[in-house]
Amino acid sequence: MFPNPAELDAIIDRALAEDSTGADVTTTSLIPPHIQARATIVPRQPGVLAGLGVASAVFRRVNPELQFAQRLLDGDRVEGGESVATISGSMASILTAERTALNFLQRMSGIATLTSRYVQAIDGTTASIADTRKTAPGLRLLDKYAVSVGGGRNHRLNLTDGVLIKDNHLAALQAEGFDLSQAIRRAKTRAPHTVKIEVEVESVEAAVAASNAGADIVMLDNMSPEDMRVAVDKIGSVCIVEASGGITLANVAEVARTGVDIISIGALTHSPDALDISLDYDTR
């Protein structure tokens, strides 16, 4: 899910333009261009790294002569205070690129760290943790890459990746006289044959109806663990069963033990805590 070089350059260019890095009045007013420096990326708290390649690309985008040396890789766990990478070269360029590079690195590492906590919480079960499309606008590729670094799986990247019939789709179709089963059959006849059909349901009865109508994936939305377990017993051998809605670190293990195949969690990307990461300078 990592963006190709052209996509990554476009993402970085938008971020640098947002910060007006071509007109850094603080740096140009204070830092002579000949001063060389060495800076070290240092996380201040434990976590899982993600986005080192993006940070490196930001520094090179500002000044191709900057040298970025990684000591660790995406996916590595870190403790607070250890060096993970160094940047050497023009101090003015490092200062100009610093905030943008750290913004990417902190957010992506925060997503990877949160994802890894969910993955660890369900260790020993057969369930997988997955993300959703609740990502930062314009950063979906990076958000979903960070989820994969943290051990999670990617749900749909965009609206072309599969049919997902949700409550609002069903409400609109019901006004036209279509019930759940008819909506699924309509999707199966109209969508490309290579595309899977997923349906969001809120009861065991609806889960069975969706499975009987030919849904490939049934999403159990905001259902109790007891009802999830019953639904898995009834349809788990026929289709993929996904749980979503109201899932936290406190209850994810209980959800996983119901036998669902996938647990999708929007919080992985819509509300992660950024990992506290700093850039320490040494001008000697």
(message) Multiplying the sequence separation of residue 72 and residue 280 by 0.36 nm and subtracting their Cα-Cα distance, what value in nm do you get?
(response) 73.2 nm
(message) How charged is the neighbourhood of residue 126? Take every other residue with its Cβ under 14 Å from the Cβ of residue 126, and add Lys/Arg as +1 and Asp/Glu as -1.
(response) 0
(request) Enumerate the residues in the stretch 111-140 having an amide nitrogen under 16 Å from the point lying 7 Å beyond the Cα of residue 10 toward its Cβ. (result) 137-140
(request) Would you work out which of 171, 187, 238 lies farthest towards the positive end of the dipole of the chain? Charges go on Cβ: Lys and Arg +1, Asp and Glu -1. (result) 187
(message) Can you work out the Karplus-derived ³J(HN,Hα) for every residue in the stretch 241-249? Use 6.51 cos²θ - 1.76 cosθ + 1.60 with θ = phi - 60°, whole Hz, and x for glycine or proline.
(response) 10, 10, 10, 7, x, x, 9, 10, 4
(request) Give me the distance in nm between label points sitting 7 Å out from Cα along the Cα-to-Cβ direction at residue 159 and residue 189, one decimal. (result) 2.3 nm
(request) Go through the stretch 68-114 and name the GluC sites (Glu not before Pro) that are in a DSSP coil and have 14 or fewer other Cβ atoms within 10 Å of their Cβ. (result) 79, 82
(request) Mind giving me the FRET efficiency for residue 23 and residue 120? R0 is 51 Å, r the Cβ-Cβ distance, nearest 0.05 is fine. (result) 0.70
(message) Using Cα-Cα distances under 8 Å and only pairs 6 or more residues apart, what relative contact order does the stretch 162-265 have, in percent?
(response) 22 percent
(request) Please find, in a Gaussian network model of the chain (springs between Cα atoms separated by less than 10 Å), the residue of 94, 35, 217 whose mean-square fluctuation is greatest. (result) 35
(message) Contact order normalised by length for the chain, with contacts defined as Cα pairs under 8 Å and 6 or more residues apart; what percent is it?
(response) 23 percent
(message) Ranking request for peptides 46-55, 17-26, 154-163: highest mean number of other beta-carbon atoms within 10 Å first, then the rest in descending order.
(response) 46-55, 154-163, 17-26
(message) Can you compute the helix-only [θ] at 222 nm over the chain? Use -39500 (n - 2.57) per DSSP H run of at least 4 residues, normalise by all residues, nearest 500 deg cm²/dmol.
(response) -13000 deg cm²/dmol
(message) Only four residue types carry charge here, +1 at the Cβ of Lys and Arg and -1 at the Cβ of Asp and Glu. Report the dipole size of the chain about the Cα centre in Debye, rounded to the nearest 20.
(response) 480 debye
(request) Go through the stretch 15-79 and name the trypsin sites (Lys or Arg not before Pro) that are in a DSSP coil and have 14 or fewer other Cβ atoms within 10 Å of their Cβ. (result) 44, 71
(request) Please check which bits of the stretch 153-168 a label hung off residue 222 would reach, taking the label as a point 7 Å along Cα-to-C-beta and the cut-off as backbone N under 12 Å. (result) 167-168
(message) Could you derive backbone 3J(HN,Hα) for the stretch 40-55 from the dihedral phi with the Karplus parameters 6.51, -1.76 and 1.60 (θ = phi - 60°), listing whole Hz in sequence and x where the residue is Gly or Pro?
(response) 10, 7, 9, x, 9, 8, x, x, 10, 6, 7, x, 4, x, 5, 4
(request) Considering only 28, 135, 269, give the residue with the highest GNM mean-square fluctuation for the chain, with springs between Cα atoms whenever their separation is below 10 Å. (result) 28
(request) Name the lysines eligible as straight-distance cross-link partners of residue 134: C-alpha to C-alpha under 23 Å, and not fewer than 8 places from it in the same chain. (result) 144, 166, 196
(request) Calculate the translational D of the chain in whole µm² s⁻¹ from Stokes-Einstein, where the hydrodynamic radius comes from the Kirkwood formula applied to all Cα pairs, the temperature is 25 °C and the viscosity 0.890 mPa s. (result) 117 µm²/s
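Every number here is computed from the coordinates shown, using simple stated rules; none is lab data. From a predicted model like this one, the values you see are computed outputs, not experimental measurements. Please note: Cβ atoms are built from the backbone with ideal geometry, for glycine as well, and neighbour counts cover all protein chains shown.
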